[in-house]
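A.B. asks: Next up is a structure, given as C-alpha cells.
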Amino acid sequence: MAKIRLERVLAVTGAAAVLVVGFDSLTYAATGGSMILGQLNSANHTTSVTSTASGPALSVAKSAGAGAALSITVPAAKAATSPPLSTNARGKVANLYAARAGTADNASKLGGKTLAEIQNGAKGSSSIETVSVEVTAYAGASTYQYAWCPADKVATGGGYIVNYPNDLVVASYPSNNGDPGVHPPTNWRVGVSNPTGVNHQFGIYVVCMS
C-alpha cells in the first residue's frame with residue numbers, strides 16, 4: 001500500500017515538474033529563447049538574421065488561405081510617418097506595386113492611363129504657356145505695362161527684363177486689369193521708372209495656365 005502511494009506522489013511530482021519546465025520554456029521564448037511557430041512571440045531587443053548562403057536570409061511563404069504572407073505594423077501614432085521597411089539597397093524590387101504602375105492591370109489606378117502616357121502628356125502639355133512682350137518705359141516717367149495671358153488661362157508667375165541700368169523697377173506682380181487684389185489674375189504687371197530723357201524698351205513675361 002505504501003508503495004502505491006509513493007508511486008502516486010512521484011507521478012504528481014513529475015507532472016508538476018513538466019508543467020514548470022513547460023512554463024519556463026514559454027517564458028524564455030519571448031526574449032532570449034527560441035521562436036515558437038504558431039504562437040505570439042515578443043522581444044525587447046532587435047532580432048537579427050544573418051546568412052552567408054546564396055539567396056535571401058529570410059523567406060516567408062504562404063501555401064494556403066487568404067491574406068498577405070507577411071504583415072508589418074508600427075505604432076498607430078506613427079503609422080503616417082514611419083516607413084514599414086528600411087534598406088541600404090538601391091536596386092529595383094521586382095513585382096513591387098510601384099514598379100508596376102505602367103502595366104495594363106494597373107492602368108485604372110492612374111485615371112485609365114499608363115505611366116508612360118502620363119509622363120508623355122506632362123512633357124508635351126499645352127496647359128502651360130509663357131507669353132513675352134517688349135514694351136516702352138517712357139522718358140522721365142514711371143510707366144506701367146502688362147503681359148497678358150490668353151483668354152482661357154490665368155497668370156501663375158511672371159517677371160521682367162530691364163536693359164538700362166538707370167531704369168528702376170517699381171512694381172512686378174500678377175494682376176487683373178491692374179488690380180492685384182482681383183482673382184484670378186489674367187496678366188503680369190510691371191512698373192518701370194525711367195529718369196532719362198529718352199524712351200527705353202523693357203521686357204515682361206507671364207506664365208499662364210489653363
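A.B. asks: Modelling each spin label as a point 7 Å along the Cα-to-Cβ direction, I'd like the residue 88/residue 54 distance in nm, to one decimal.
C.D. replies: The answer from the label model is 2.4 nm.
A.B. asks: Moving to a separate point now. How long is the gain from residue 39 to residue 196 if the chain were fully straight, where each residue apart is worth 0.36 nm and the alpha carbon distance is subtracted?
C.D. replies: Details: separation 157, 0.36 × 157 = 56.52 nm, distance 8.79 nm.
Gain on extension, residue 39 to residue 196, equals 47.7 nm.
A.B. asks: How big is the Cα convex hull of the stretch 128-209 in projection, averaged over all directions, in nm²?
C.D. replies: Values: hull surface 19.0 nm².
Value for the stretch 128-209: 4.7 nm².
A.B. asks: Also: If each residue's Cβ is checked for other Cβ atoms within 10 Å, how do 173, 205 rank with the fewest at the top?
C.D. replies: Numbers: 173 12, 205 16.
So the ranking, lowest neighbour count to highest, is 173, 205.
A.B. asks: Further question: Roughly how many nanometres apart are two label points built 7 Å out from the Cα toward the Cβ at residue 63 and residue 141?
C.D. replies: 9.1
A.B. asks: Residue separation times 0.36 nm, minus the C-alpha to C-alpha distance between residue 133 and residue 70: what's the value?
C.D. replies: Working: separation 63, 0.36 × 63 = 22.68 nm, distance 6.06 nm.
So the extension gain works out to 16.6 nm.
A.B. asks: Still on this model: Please report the net charge: other residues with Cβ closer than 14 Å to the Cβ of residue 161, K and R +1, D and E -1.
C.D. replies: Numbers: positive: none; negative: 134, 167.
Surrounding charge for residue 161 is -2.
Just so you know, all these numbers are worked out from the coordinates, no wet-lab data involved. All values derive from a computational prediction rather than experimental measurement. Note: ideal-geometry Cβ built from the backbone for every residue, glycine included; neighbour counts use all protein chains shown.
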